[in-house]
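Below is one structure, written out as structure tokens; the observations come after it.
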Amino acid sequence: MDAVTLEIMHGKLLATVDEMGLVLARTSMSPVIYEVLDFACGICDRRGDLIAQANGLTLFTGTFAAQVRFIIEKHGDRMQPGDSFITNDPFQGGTHCCDMAVIKPLFHDGERLGFAITVAHWLDVGGAVAGSLPADASEVFQEGLRLPGIQLCRDGQLLSDVRDIIAANSRLPQMALGDLNAELAAVNIAERRLAEMVAKHGADDVREAFGQILSHGETEARKAVAALPDGVYEAQDWIDGDGVSEERIPVNVKVTIAGETLTADLTGSAPARGGPINCTRGALQSAVKSVFKALISPHEPSNEGWFNPVVIKIPDGTVFSAVSPSPIGWYYEGAAQASELVWKALAPIAPERFSAGSYMSLCATYICGRDRNGEMFVHIEPQHGGWGATPERDGASGLIAITDGDTYNLSVELLEAKYPLRISRYAFNTDDAPGAGRHRGGFGLIRDYEVLTEGTFAYASFGRSVERPWGADGGQAGSQNYLTIERDGQTVRTARTPHETLSPGDRLSIVTGNGGGWGSPAERTAEDVAADVADGLLSETQAREVYGR
């Protein structure tokens with residue numbers, strides 16, 4: 001195929017996955033989908049290899065192929081035009097039970113060409129608590145309904161039995177079914193657009209384009225890895241408790257670059273824990289692949305070919321490779337730690353791409369209860385924080401963690417309109433000094449929620465609440481993530497809590513950490529220190545204590 005035709009077809013595929021995302025966001029019912037953008041969309045070939053993916057949640061990058069292959073293995077040649085399938089099984093390529101994948105095989109003249117897939121976070125799929133992520137879960141069965149790759153549609157029609165099962169197992173059935181319909185609309189638009197490609201170019205050329213896209217990605221990835229210095233790069237870290245125990249959990253990685261291959265070996269990391277910060281292989285693959293892509297080519301669109309040079313080694317049953325029935329609801333804490341480990345190991349050889357340590361944790365907090373009309377509400381949003389400095393500049397402030405890619409938190413106006421909550425403060429975290437250095441770490445955020453109705457409760461699980469974001473090349477560590485609750489004139493500080501009863505007037509404050517510094521603080525210029533003081537980011541006392549200015 002000539003290069004011009006290939007580029008046109010690749011552009012059509014990328015436009016299609018972007019359109020899938022627009023359809024999903026505009027037709028979904030959950031703010032976590034249409035406002036936070038906690039979803040991803042993609043197209044895979046007939047074997048399940050990812051061909052095109054919309055920009056979105058980074059942690060779904062590595063799950064698409066595994067989830068599609070699960071459907072292929074389970075249903076094989078029984079799949080027919082008009083079929084769709086649904087899966088959220090964490091132990092079959094997924095992440096946690098709230099992340100529902102809708103998968104539609106795409107056919108031409110009765111032959112399967114590929115698959116369309118969307119994954120979106122549903123607000124409630126049952127389980128022990130509203131929101132389906134009990135912070136003290138001891139087994140996956142407490143985390144909601146699991147649908148292990150079952151048929152969802154036949155002849156283009158939603159199966160009523162499956163619909164009824166979903167509705168009966170959600171505290172927010174109307175919202176769950178609305179989000180399901182939105183995902184179906186997204187995969188249906190992909191089917192329509194692929195049919196247009198086939199009508200214009202022919203099925204053989206579409207297959208050829210798929211193959212060349214994958215081949216190009218692999219070729220470029222192998223060239224990029226070959227240009228890196230061969231060697232073994234290691235990193236160690238700690239997970240600060242699991243939600244059930246405060247015992248700190250040791251984790252490690254050994255990254256080996258040899259020729260055109262990069263191997264991430266996490267053998268030796270702690271066994272799976274009794275609390276829900278474990279992640280499964282699907283989430284681990286996404287974590288490692290995300291950092292790998294940031295290393296070799298962060299701006300080019302992803303496809304499975306880019307990741308063929310990556311080898312991930314880890315035995316079953318660790319905190320990064322949990323097996324059933326381990327709890328995995330807060331999987332993004334484990335996956336974030338895996339991303340940060342690989343990032344930390346590779347930072348010395350790619351300082352132009354990788355910063356010092358970041359706040360890392362999404363610091364997700366659930367606030368649930370009844371609104372003024374007596375209707376249940378479930379509020380969740382990721383929090384932004386401080387990233388580490390680089391050899392060339394200060395760290396980014398108020399930026400989402402690497403594992404969440406292009407997601408957002410809720411705007412204050414929308415949040416206050418949708419929920420019985422008031423945002424009384426939203427500011428940079430200048431209470432804690434950032435990681436000092438020649439270039440300082442970025443600032444985290446403080447976001448205060450005031451409760452307005454009775455019967456409200458909250459739960460949360462934060463990482464980086466003990467171990468601080470690491471500094472590089474003599475830079476100091478950043479600050480911790482934490483949560484404070486003000487009630488009855490007292491303030492309680494915590495980071496992992498399974499249940500907090502809240503009353504009108506109580507204030508919940510989420511504080512995200514500041515990133516680590518790069519280089520010795522003694523090398524920071526007096527002008528940079530003075531600018532931070534003038535901007536209100538650093539007090540004169542902090543400037544004297546940290547920088548001697």
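Throughout, read-outs are computed from the coordinates displayed, never taken from laboratory work. On a predicted model such as this, the values are computed, not experimentally measured, just so you know. Virtual Cβ from ideal backbone geometry, glycine too; neighbours counted across all protein chains shown.
Structural remarks
- In Hz, Karplus ³J(HN,Hα) per residue of region 411-422 (6.51, -1.76, 1.60; θ = phi - 60°; x = Gly, Pro): 5, 4, 5, 5, 4, 5, 6, 8, 10, x, 9, 10
- Across LYS12/LYS74; LYS104/LYS289; LYS223/LYS289; LYS254/LYS313; LYS104/LYS200; LYS293/LYS344, pairs whose alpha-carbon gap is larger than 19 Å: LYS12/LYS74; LYS104/LYS289; LYS104/LYS200
- Low-density loop positions, chymotrypsin sites (Phe, Trp or Tyr not before Pro), region 384-489 - DSSP coil, at most 14 other Cβ in 10 Å: TYR408
- Backbone N under 19 Å from the ALA258 label point (7 Å along Cα→Cβ), restricted to region 307-323: 308-315
- The slack in the chain from ALA522 to ILE349, taken as 0.36 nm per residue of separation less the alpha-carbon distance, amounts to 59.9 nm.
- Shape annotation for region 50-207: C-alpha extents along the principal axes are 53, 31, 26 Å, from largest to smallest.
- Derived scalar couplings between HN and Hα for region 297-309 equal 6, x, 9, 7, x, 7, 8, 4, x, 4, 9, 5, x Hz in order, rounded to whole Hz, by the Karplus curve 6.51 cos²θ - 1.76 cosθ + 1.60 (θ = phi - 60°), x for Gly and Pro.
- Only helical runs count toward this figure. For the chain, summing -39,500 (n - 2.57) over DSSP H runs of n ≥ 4 and dividing by all residues gives -9000 deg cm²/dmol at 222 nm.
- Distant-in-sequence amide contacts of PHE107, defined by a placed amide H-H separation under 5 Å and a gap of 5 or more residues or a different chain, comprise LEU113.
- In order along region 482-490, phi translates into HN-Hα couplings of 6, 10, 10, 10, 9, 7, 6, x, 10 Hz, rounded to whole numbers, per the Karplus curve 6.51 cos²θ - 1.76 cosθ + 1.60 with θ = phi - 60° and x for Gly and Pro.
- Loop GluC sites (Glu not before Pro), region 450-549, which have at most 14 other Cβ atoms in a 10 Å radius of their Cβ (DSSP): GLU454
- Separation of alpha-carbon centers, region 385-449 and region 302-367, rounded to whole Å: 20
- Based on C-alpha pairs under 8 angstrom that are at least 6 apart in sequence, region 258-407 has a relative contact order of 23 percent.
- Cα→Cβ-extended label distance, 7 Å offset, between GLU486 and ASP371, nm: 2.6
- When DSSP beta bridges are restricted to pairs lying wholly in region 355-549, around 95% turn out antiparallel.
- Using a cutoff of 8 angstrom between alpha carbon atoms and counting only pairs six or more residues apart, the relative contact order for the chain works out to 13 percent.
- Stretching ARG26 away from GLN236 to a fully extended chain increases their span by 71.4 nm, per 0.36 nm per residue minus the current alpha-carbon distance.
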